[in-house]
Each structure stands twice: as structure tokens, then as C-alpha cells.
Amino acid sequence: MEKYKDQKWSGQKGKKFGHAGRVEDPYLPAEGQEASLCTQCHALYQEKRWFYDQKLYDRLAGTDKVREIVCPTCRKVNDGYAEGYLSLSGEFFNQHRDEIVKLLEKEASRVGARSVLDRIIRMAPEGADTLVVQTTTDKLAQRLGRAVYRAYKGDLKFHWGEMDYLVRVYWSR
Ligand SMILES: [Zn+2]
């Protein structure tokens, strides 16, 4: 998450990055404000935590008690910035593609209802018989891979990149 945050520093020459000035958390509500909210997905940010609460959102939206922003998850979706990839392939997959896509969407919305951070960015075909699902977190790609495996068996593999936040999950049957 840290790496995605906009970094601000004084920019004074000769000063080491991260040393000069303090990095202001753009999501932190200002003094007198109760929370920040995302105008795109209606998530709220309070006490360093993102969550959904429609009643609280309705109460705070448009008031000076809240800072209106676009949350990191929506920014990742807008920018197509994935931390997880799930590749689905195989003859069985292609015969049951619609059904499996529905299962993935259902699982993603179940997870996403509780967690602001986990969301599918997009599903795009790769070549003739592979579908790649991009997710905002490595965790969601793993969960989706496990959900397909639980329902349909097949082969499930995980490959972590050099940086441990990026995962590629492969499922085939
Ligand atoms: Zn959002």
C-alpha cells in the first residue's frame, strides 16, 4: 500500500528522500472532520481504516465534517494498477466460462462488501483460451483462485513476484 501513496517531500536539494519534511497522509481527516469519504465507492476512512457504512456516509456527505477524496482502491481501479492476477485456462474452463465468471463475481462481491481494499479491476481475455482477472490486492487473486478450485478442482498454482505484494495465480482444468 505504501508504495502507491503519493509521496510528498520538501524537494530541497541534497536532502535524502523521506528525511526532509513529513509525508502527510492524504486520507487523514483534517481537524474538526470526522472522516474522509470516497466519492466514487462511498467508502469511509476513519481512524486509519477503510470501511463501508451507508448510513454514516449519508449523514456526512456534503458536510464540512468530512473530506471528499477518491480512495486508494478506486484509484487502483481507475489506473488499472493490479497487485494480483488470476489466469484461468483449459478446455473445461472454456466450456464453463460463463458459470465460472459468475462464481468469481459472486466471490468478489462477497469479499468486497466487507473489505474496501479488495476489488476486481477487470477481466480480460489473453490469447484464445485464457481469461486474466486483475485484482487490487494479491489476497483477492488468491481467494478467487481458491474459490474456483473448491468448486471445480483442477490445477491451482501461486507464483509470487520478487516483491511479495504481487501474485500470479494460475488455475486450469
Ligand atoms: Zn473508493
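Of note:
- Put MET163, MET123 in order of accessible area, highest first, and with a 1.4 Å probe you get MET163, MET123.
- The charge dipole of the chain, taken about the Cα centre with unit charges on the Cβ atoms of Lys, Arg (+1) and Asp, Glu (-1), comes to about 320 debye, rounded to the nearest 20.
- Computed in the context of the full set of protein chains, the accessible area of the chain at 1.4 Å probe radius has 48% of its extent on carbon or sulfur.
- Sites listed here are trypsin sites (Lys or Arg not before Pro) in the range 91-161 whose DSSP assignment is loop and whose Cβ has at most 12 other Cβ atoms within 10 Å: LYS153.
- DSSP-defined antiparallel bridges as percent of all bridges, the range 45-173, nearest 5: 75
- Multiplying the residue separation of LYS106 and VAL70 by 0.36 nm and removing their Cα-Cα distance gives an extension gain of 10.5 nm.
- Solvent exposure of the range 37-91, expressed per residue, is 53 Å² of accessible area, with all protein chains present and a 1.4 angstrom probe.
- Computed on protein heavy atoms with a 1.4 Å probe, the accessible areas place GLU105, GLU31 in the order GLU31, GLU105, largest first.
- Shape of the chain, Cα gyration tensor, a/c cut at 1.5: oblate
- THR130, THR136, THR63, ranked by accessible area, largest first (probe 1.4 Å): THR63, THR130, THR136
- Residue among PRO72, ALA82, HIS159 farthest towards the positive dipole end of the chain, charges placed on Cβ: HIS159
The values are calculated or read from the model by the stated rules, or taken from the named source; none is laboratory data. Quantities reported herein were computed from a predicted structural model and do not represent experimental measurements. Virtual Cβ from ideal backbone geometry, glycine too; neighbours counted across all protein chains shown. To get the accessible areas, we keep the full protein, side chains included, count just its heavy atoms, and leave off ligands, DNA and RNA. Shrake-Rupley method; radii C 1.70, N 1.55, O 1.52, S 1.80 Å.
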